[in-house]
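What follows is one structure encoded as structure tokens, with my remarks underneath.
The values are calculated or read from the model by the stated rules, or taken from the named source; none is laboratory data. None of the values given here were measured: they were computed from a predicted structure. Counting neighbours? That spans all protein chains shown, and the Cβs are built from the backbone with ideal geometry, glycine included. Heads up: the accessible areas ignore ligands, DNA and RNA and are worked out on the full protein's heavy atoms, side chains in. Shrake-Rupley method; radii C 1.70, N 1.55, O 1.52, S 1.80 Å.
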Amino acid sequence: MAELTTLAEAVAALVRDGDMVALEGFTHLIPVAAGQEIIRQGVRDLTLVRMTPDIVYDQMIGAGCASGLVFSWGGNPGVGSLHRLRDAVEHEWPAPLRLEEHSHAGMANRYAAGASGLPFAVLRGYVGTDLPRHTANIAAITCPFTGEVLTAVPALNPDVSIIHAQRADRRGNVQLWGITGVQKEAVLAARRSLVTVEEFVDTLEPRPGAMVLPTWAVTAVAAVPRGAHPSYAQGYYERDNTYYQEWDAISRDRDTFTGWLDRHVFGSAVGAP
Amino acid sequence: MTGGSVAGGSVSDWSADEMMTVAAARALVGHTACFVGIGLPSTAANLARRLHNPDLTLIYESGTIGAKPSVPPLSIGDGELAETADAVVSVPEIFNYWLQPGRIDVGFLSAAQLDRFGNINTTVVGPDYRRPKVRLPGAGGAPEIAASCGEVFVVVRHSPRTFVDRVDFVTSVGFGDGPGHREQLGLRGRGPVLVITDLGVLQPDPDRCELALTALHPGIELETVRSATGWDLAVADGLRVSEPPTAEELRVLRDLTPTQSTGDSRWAT
């Protein structure tokens, strides 16, 4: 059964220096408040995993939480570059960042293998690209039945996966809907998991197309209203596009960024925008 | 860049970006399902659905199949995509069940660098991957879109920085090193059959697989395209001039993008 707790307690209990941590969300339901709590608690040397690292990973990398990044697309969607990520890669500020780079199809299959308890996944992918030359975790594999040569990628099994969902009941069963990305796979692949939710409800009313993660498959659940802001939570609030656009200027300059971090992360309560 | 003088010497009032988007939308006539990248491709695909091909199924890598957004989304995962979609599936499903087997007939991509064989780079600029001159966002869904869609259209602004002789990094394979390379790699789709820019249209030479200029947009000089291309650009026999945007195309496009440019700033440095 999932433990119902607070965000600060959950991060303190579940996220440790040196962990491989995945905060997943595909534009929708991004666990931003949890990422900022990791910054506040000063966790270091994380290998961050995510298909689409966006501004919360930019914040975590700029704040010095990460020593590695496993990813397939790192950008500010619709706006441009992630300047803190680029500063880390291009100038090793505030610290060097190891990159392990994949395609979306490869990352999605790595999570699916992790959730399935398999050591690797097979796909048609990466062939002819320069990615295998730089990413050790991509290999050719021959089909034992047809002899066809395909691509294998190893399972991803993060120490901790963190996602955000619309709601949970008081036993810790989690319900999410809309674009659910790779969140189920990320939670089931992880050794420990934390779900932040918009609200707790007495009863989870079934919704067409909604996904339920049963309480016994999740380690901890914490209520964090607006915990996905500036991304969105369908049925609760819209995407704050202005924030994404403003992040470009905030993140370009190291001093502006650290000033923002002091005011908005270290100086703010849990979940505040 | 504004307008182009058209036949008769009159000066039109469409922008080069609008011409590009209109030309890209026209290319989707007759297609069934389109895997859409964000930015320029998304605007063009949405214009096509409004104008030329109302039954076109738009598929975004966020897992939305048959999305019908009222405005082009800022990201590939905007809420309106899910709310208007025929189906919303997980990300592993969109890649494994829908893209990988070749069910999607056209993939619509952009590029930070594009070379003479239509190979795409969205990873790093510079010769050293570990110490790049510019770190770009990376692959996303593009390598498998470029491999597995029936064919690929690329929509990208023309500049010597973008149109390079060889890409610094092959993120998504076009025709690789040239004739026969896709087949040798076992890639199932036909590859980049059409490149639409703000200056004209490029298509691969059937024998050499090298991109050649097949159309100029109205008012664009051949020399302008040549100097914006980082290789010795071949010109196809029977070079055409694109039909200028119609009033209807411009009306719908401007209605679609009232508050935003049609531009793609994702590669902005």
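Under 5 Å between amide hydrogens, built in the peptide plane, is the criterion, and for B:VAL193 it picks out B:VAL152 among residues at least 5 positions away or on other chains.
Total buried accessible area between B and A, probe 1.4 Å, nearest 100: 3900 Å². Taking only protein heavy atoms and a 1.4 Å probe, the accessible area of chain A is 52% carbon and sulfur. Comparing the full protein assembly with the isolated chain, the residues of segment B:170-192 losing at least 30 square angstrom of accessible surface (1.4 Å probe) are B:VAL170, B:VAL173, B:LEU185, B:ARG188. Paramagnetic label reach from A:ALA139 (point 7 Å along Cα→Cβ; backbone nitrogen cut-off under 14 Å): within segment B:131-148, no residues. The length gained by stretching the chain between B:LEU222 and B:SER159 to full extension, at 0.36 nm per residue less their Cα-Cα distance, is 21.3 nm. Look at the alpha carbon pairs under 8 Å that are at least 6 residues apart: their mean separation over the length of chain A gives a relative contact order of 24 percent.
Convex hull over the Cα atoms of segment A:152-273, averaged projected area in nm²? Mind dumping the intermediate values first?
On the way: hull surface 39.1 nm².
For segment A:152-273, the mean projected area of the Cα convex hull comes to 9.8 nm².
Distance from the Cα centroid of segment A:28-91 to that of segment B:74-98 is 23 Å (rounded to whole angstrom).
Please compute the length gained on full extension between A:MET1 and A:ARG98, using 0.36 nm multiplied by the number of residues separating them and subtracting their Cα-Cα distance. Please list the in-between numbers first.
Details: separation 97, 0.36 × 97 = 34.92 nm, distance 3.55 nm.
Gain on extension, A:MET1 to A:ARG98, equals 31.4 nm.
Give me the percent relative contact order of segment B:137-237, please, defined on Cα pairs under 8 angstrom at least 6 residues apart.
Numbers: 164 pairs, mean separation 30.2, N = 101.
After rounding, I find 30 percent.
Just checking the listed ones, A:PRO225, A:PRO158, A:PRO132: in the Gaussian network model of chain A with Cα springs under 10 Å, the one fluctuating most is A:PRO132. Counted by Cβ distance under 10 Å from A:VAL218, the other residues give a net charge of 0, where Lys and Arg count +1 and Asp and Glu count -1. Per residue, segment B:16-256 exposes 35 Å² of accessible surface when a 1.4 Å probe is rolled over the protein heavy atoms with every protein chain present. A cut-off of 5 Å between modelled amide H atoms, ignoring neighbours fewer than 5 places along the same chain, links A:TYR232 with A:LEU29, A:ILE30.
In terms of the Cα gyration tensor, with a ≥ b ≥ c the square roots of its eigenvalues, is the protein assembly as shown rounded because a/c is under 1.5, prolate because a/b exceeds b/c, or oblate? Prolate is the answer for the protein assembly as shown, as a/c is 1.5 or above and a/b outweighs b/c. A Gaussian network model of chain A, with springs between Cα atoms under 10 Å, assigns the largest mean-square fluctuation among A:THR258, A:THR203, A:THR215 to A:THR203.
Return the FRET efficiency for the residue pair B:GLU243, A:GLU90: r is the Cβ-Cβ distance, R0 is 35 Å, and the value is rounded to the nearest 0.05. Present the calculation step by step, with values, prior to reporting the outcome.
On the way: r = 44 Å, r/R0 = 1.25.
Efficiency computed from Cβ-Cβ geometry: 0.20.
The accessible-area loss of segment B:79-123 on complex formation, taken against its chain alone with a 1.4 Å probe, reaches 50 Å² or more at B:VAL91, B:PRO92, B:GLN100.
Quick one: net charge of A:ALA168's neighbours, Cβ under 14 Å, K/R +1, D/E -1? Before the final figure, lay out each step's value.
Values: positive: A:ARG167, A:ARG170, A:ARG171, A:ARG207; negative: A:GLU3, A:ASP169, A:GLU198, A:GLU199, A:ASP202, A:GLU205.
Combined, the nearby Lys, Arg, Asp and Glu give -2.
Taking a ≥ b ≥ c as the square roots of the eigenvalues of the alpha carbon gyration tensor, segment B:16-256 is oblate, as a/c is not under 1.5 and a/b does not beat b/c.
Relative contact order of segment B:16-256, taken over Cα pairs closer than 8 Å and 6 or more residues apart, is 19 percent.
Segment B:190-262 and segment A:97-162 have Cα centres separated by 36 Å.
Shape verdict for chain A, please, from the Cα gyration tensor: rounded (a/c under 1.5), prolate (a/b greater than b/c) or oblate. Since a/c reaches 1.5 but b/c is at least a/b, the shape of chain A is classed as oblate. In chain A, the sites counted are GluC sites (Glu not before Pro) in DSSP loop states with at most 15 other Cβ atoms within 10 Å, and the longest stretch holding none of them, exclusive of the sites, is A:1-91. Take the Cα of A:GLU199, step 7 Å toward its Cβ, do the same at B:ARG190, and the gap between the two points is 5.3 nm.
Here the Karplus relation 6.51 cos²θ - 1.76 cosθ + 1.60, evaluated at θ = phi - 60°, turns the backbone of segment A:161-173 into coupling constants of 10, 10, 9, 10, 9, 5, 7, 9, 8, 7, 9, x, 6 Hz, with x for every Gly and Pro. Within the listed set A:GLY18, A:GLY147, A:GLY227, the residue fluctuating most in the Gaussian network model of chain A (springs between alpha-carbon atoms under 10 angstrom) is A:GLY147. For segment A:43-84, a reduction of at least 50 Å² in accessible area between the chain on its own and the assembled protein chains (probe 1.4 Å) is found at A:TRP73, A:GLY78. By accessible area, using a 1.4 Å probe on protein heavy atoms only, segment B:16-256 has 49% of its surface on carbon and sulfur.
Using just the helices of chain B, give the 222 nm mean residue ellipticity in deg cm²/dmol: DSSP H runs with n ≥ 4 each add -39,500 (n - 2.57), and the total is spread over all residues, rounded to 500.
Working: 7 runs with 57 residues, N = 269.
Value at 222 nm, helices only: -5500 deg cm²/dmol.
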